[in-house]
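Just below is one structure, and these are the notes that go with it.
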Amino acid sequence: MLGQVSQKATSVLGSLFLSLGLIAQTRSLPVLLKKILYTLLISGFIASLSSAQVPYGPIKPAPPGEILSNLKKLNVLGSVLYVAAHPDDENTLLLAYLAKDRLVRTGYLSLTRGDGGQNLIGPEQGENIGVIRTQELLAARRVDGPDQFFSRAYDFGFSKQTSEAVRTWGQDKVLADVVWMIRKYQPDVIMTRFPPDARAGHGHHSASGFLAEEAFKISNDPTKFPEQLAFVKPWQAKRIMWNVFIPGAFMSNKKPEEAGNLIGIETGLYNPLLGKSYGEIASESRSQHKSQGFGVAANRGAKIDYLLLKGGEPVQKDPLEGIDMTWKRVPNSAAVQSQVNQVIAGFKPDQPAASIPALVQLYGAINKLDTTNIYVKAKREEVETLIRQCLGLWFETNPADYAATPGETIKLTTNIVNRADSPVTLVRVQYSTGKDTTLNLTLKPNDVILFPTSVVVPKTAKISQPYWLEKPIDKGLFQVDNQQLIGLPENPAAMSANYTFEISGQRFTFTRPVVYKSTDPVDGEIYRPFIIQPDVTANLTERVFTFSDNTPKTAEIVLRAGRNNVSGTLSMNVPAGWRIEPATQPFELKNKGDEQRISFTLTPSDKAQNGKLQAVMTTGTGTFTTGLRYVAYKHIPTQTLFPPAEAKLVKLDVKVTAKNIGYIVGAGDEVPAALQQMGCRVTILGPADLTGNLSGYDAIVVGVRAYNTNGPAMTRYQPKLMDYVKNGGTMIVQYVTPVNSFFRNEAPLPQLGPYPFAVVNERVTEEDAPMTFINPKHQLLNYPNKITDADFSGWIQERGIYFARDWDKAYEPIFSSHDQNEAPKEGSLIFAKYGKGHFMYTGLVFFRELPAGVPGAYRLFANMISAGSNTAASVSGSQPKR
């Protein structure tokens, strides 16, 4: 855990150091982070800096223009499902246009949660960044209006071929998920963002187009995935269309050169009811993707979106043409159609509550229709929302704490207010725990009804782990056994409340999650999800423990109580060949939230096998094996995860001659923790360090994307860093992304090293791709560790990204590698001597491999930071001359 926490703190503070210069000096990483920042983060200090302000916490008020728009939507019975591969792939402009102009039910199906991408705002990787991007997509949908869905596909990283993507995911399983969502959502039109071929630019992209087209063909066939028919019926969309785009011309109105039935629609319109153009809404939506740095300026001009028919009924001008989107598609609904028109005609913007009687009558008429019809259910829910909006009816239930354990009693406070001069009676409040409070209170205008109660969390309540992370990832697929969970963006609420009101003689029941609320002196009301947690959790202070010999190391575990009065024993499971002392230790935690730090001595033998160190807590109520992790940023709700309470044990043969390392943090990675595991002293370099004497550092390592996230500061310190190298220092720059890499290939600075080179979007995505040693005698391959092919075994996700290209002749490439059927690429690691020192740029993904405990990655990185030693310099190699 400390490996995670300390690096998050490192990233946060380092960014402040470089961009704001708030702290004069930062010294020892072990002292500062392990003894101070860990305590601050767990106790909530750092969390308070990034506590999540949940936009959807309270009920969102609706201004009259939005209410009128929602009333008009009652007359539109059509739907569209948009399909792509990742968070950020969706065309937010087209989605906003469909949801808010055409007023059709609109959904976005992202096959993955973006787990394989990089993180601009923190250290999270893999499924943890997938959790962030899930919430960013939900935030985007709250802006532009559609529903959000996911398949079980895991984003395993950049893929160059459709075949690789579907093979890794399991084609039939992800295809089943797309079919499931088509049958469940019943879209009239399916739209894809990408073509099913190489033009998509990413194997996941092309796979999303391929799978959507295949699902379109078979979703109406009851012999395909028949197990789904226990919950849904076969469904056939009218057509499927590709939302064509021109790479490199994101906001261009140029018509694509595509053969076939291509139509253009104006999506950059202004909506006077909402007071915004769809371009403005789309930019606000896309700017929710903050972990990817996708904040964009508002587009207020005309924009044409192009759609190409890929299958189904022909189309001439409009993707929805030929589709009956009126109440005629629901039998016996003529009276409903008439009533909707009357409600719209009679709406008074300055008196929304005047529409309540007519809306209640409309609700009764809809209830007389076939309630199994998807549009009857949808319109009934829309009328319920409109009644609440017109009344300004506000209600919520808040627990005294954001978390509770199964069997725990939790205090709740319910607040209700009717803000309209219209008769409303609160009949009762029911909680999902089974408790029912009957009230029959008349709600006077603007009178706040506040009443406390207590409920007992059922002992059978599930721990609030995201449902897709409850089981280990199976290659490229999340394991989800419950069919009805597939597609949901997040877990159903851990606890909810049903509020029953009587309005104009009709009873309505609204369901809301129970949500924790606090008040921050800066941000005001802060909402976060209420969760169910284990009795006790354990966080190991390191994600990886590496051993270069049989010298014992101390493993520290931080236990945290999920409830009052938790006691028991802690034991540690180890692989064969390891000794843990003592075998067990007792623990006792008096108060909920209390922590206890326990230490064990870990000793490998000569036959120690690499594996996992697992914490097991045994109490009077059961056995617990999970840790605790918070993912907290202001733009998303705080997410609480319960990963396995374990760390990796790696026995490796590694030597390091560099001991004193300076580290400049970037977008967040865990390389400093790995350097410490190799026995190095690591100092996070702030402004005072970078303007001071750097000669005491054996090497300076620049974190991933530091030149992107801290560009002005890095530009300011670049001359000093080059002087450090010239005077004998060793500098390693981990990958940067080209500026606006979607459009052009440029480095964040004109020159990142002592001699020119370019950074381009070239990568080797096959993690087992052969690595050819260009000069086997080079010092980086020989000292202090002899690098062999075996050092590239067990790499995860990929070899490298954002390679160097067009380098000055002073640089030497170290490796050549390539994916299947591609030309060799030599830019994964380049090396140059400059003055008395050494400079390296690398796109090799050490930020993934080191936290994963890959032995060869440790050995190669040890050679890189040790390049400045005299012994290393004596190793022969073909050093180019200038």
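The values are calculated or read from the model by the stated rules, or taken from the named source; none is laboratory data. Here the structure is a predicted model, which is why all the values come from computation and not from measurement. All Cβ positions, glycine included, derive from the backbone under ideal geometry; neighbour counts span all protein chains shown.
Quick notes
- Yes/no for Phe347 being over 28 Å from the mean Cα position of the chain (by Cα) and surrounded by 14 or more Cβ atoms within 10 Å (Cβ to Cβ): yes
- For the range 628-668, a residue qualifies if it is outside the structural domain of Gly728 (by TED's automatic domain parsing) and polar (S, T, N, Q), and the qualifying residues are Thr638, Gln639, Thr640.
- The listed residues are Asn821, Asn761, Asn775, and the only one of them that is within 30 Å of Thr715 (Cβ to Cβ), surrounded by fewer than 21 Cβ atoms within 10 Å (Cβ to Cβ) and assigned by TED's automatic domain parsing to the domain that holds Phe861 turns out to be Asn761.
- Qualifying residues in the range 546-588 (those that are touching a helix residue (DSSP H, G or I) at 6+ places or on another chain (Cβ under 8 Å) and modelled with pLDDT of 95 or more) - the one surrounded by the fewest Cβ atoms within 10 Å (Cβ to Cβ): Glu556
- Against the numbered list (1) buried (at least 20 other Cβ atoms within 10 Å of the Cβ); (2) touching a residue at least 60 places away in the same chain (Cβ under 8 Å); (3) under 28 Å from Val76 (Cβ atoms), Val179 comes up short only at (2).
- Qualifying residue in the range 87-106 (condition: within 16 Å of the chain's Cα centre (by Cα), part of a helix (DSSP H, G or I) and surrounded by 23 or more Cβ atoms within 10 Å (Cβ to Cβ)): no
- Residue within the range 393-409 that is among the aliphatic types (A, V, I, L, M), buried (at least 22 other Cβ atoms within 10 Å of the Cβ) and under 31 Å from the mean Cα position of the chain (by Cα) present: yes
- Conditions (1) assigned to a loop (DSSP other than H, G, I, E, B); (2) under 34 Å from the mean Cα position of the chain (by Cα); (3) modelled with pLDDT of 95 or more; number of the one not met by Asn299: (3)
- Top-ranked residue of the range 322-333 - restricted to ones that are farther than 11 Å from Leu369 by Cβ and among the aliphatic types (A, V, I, L, M), ranked as surrounded by the fewest Cβ atoms within 10 Å (Cβ to Cβ): Met325
- Any pair with Cβ under 6 angstrom, 6 or more apart, that starts in the range 300-325 at a residue that is more than 19 Å from Gly279 (Cβ to Cβ) and ends at one that is exposed (fewer than 12 other Cβ atoms within 10 Å of the Cβ) and at pLDDT below 95: Leu308/Gly260
- Boolean, Val296 is in the same structural domain as Phe194 (by TED's automatic domain parsing) and either under 20 Å from Glu66 (Cβ atoms) or free of Cβ contacts under 8 Å to residues at least 24 places away in the same chain (or both): yes
- When the range 413-422 is limited to residues that are surrounded by 15 or more Cβ atoms within 10 Å (Cβ to Cβ) and either out of contact with any Phe, Trp or Tyr (no Cβ under 6 Å at 6 or more places or on another chain) or of a type in the set (Phe, Trp, Tyr) (or both), the one that is farthest from Pro513 (Cα to Cα) turns out to be Ser422.
- Of all the listed residues (Leu439, Leu386, Leu426), the sole one being crowded, with 20+ Cβ neighbours inside 10 Å and in a strand (DSSP E or B) is Leu426.
- Flag if Trp235 is farther than 19 Å from Thr112 by Cβ, at pLDDT 95 or above and touching a Leu at 6+ places or on another chain (Cβ under 7 Å): no
- Restricting Ile42, Ile59, Ile36 to residues that are surrounded by fewer than 23 Cβ atoms within 10 Å (Cβ to Cβ), modelled with pLDDT under 50 and touching a Lys or Arg at 6+ places or on another chain (Cβ under 9 Å) narrows the list to Ile42.
- Note on the range 433-450: residues that are of a type in the set (D, E, K, R) and touching a Ser or Thr at 6+ places or on another chain (Cβ under 8 Å) amount to 1.
- Residue, surrounded by the fewest Cβ atoms within 10 Å (Cβ to Cβ), within the range 215-239, restricted to residues that are within 29 Å of Leu308 (Cβ to Cβ) and aromatic (Phe, Trp, Tyr): Trp235
- Number of positions in the range 442-454 that are part of a strand (DSSP E or B) and over 35 Å from the mean Cα position of the chain (by Cα): 9
- Of all residues in the range 257-293, those being of a type in the set (Asp, Glu) and assigned to a helix (DSSP H, G or I) number 2.
- Of all residues making up the range 856-882, the number that are in a helix (DSSP H, G or I) and modelled with pLDDT of 95 or more: 10
- Exactly one residue out of Lys517, Lys462 is crowded, with 17+ Cβ neighbours inside 10 Å, of a type in the set (D, E, K, R), touching a residue at least 24 places away in the same chain (Cβ under 8 Å) and over 30 Å from Arg167 (Cα atoms): that is Lys517.
- Within the range 794-846, the set of residues being within 21 Å of Leu752 (Cβ to Cβ) and aliphatic (A, V, I, L, M) comprises Ile801, Ala804, Ala810, Ile814, Leu829, Ile830, Ala832, Met840, Leu844, Val845.
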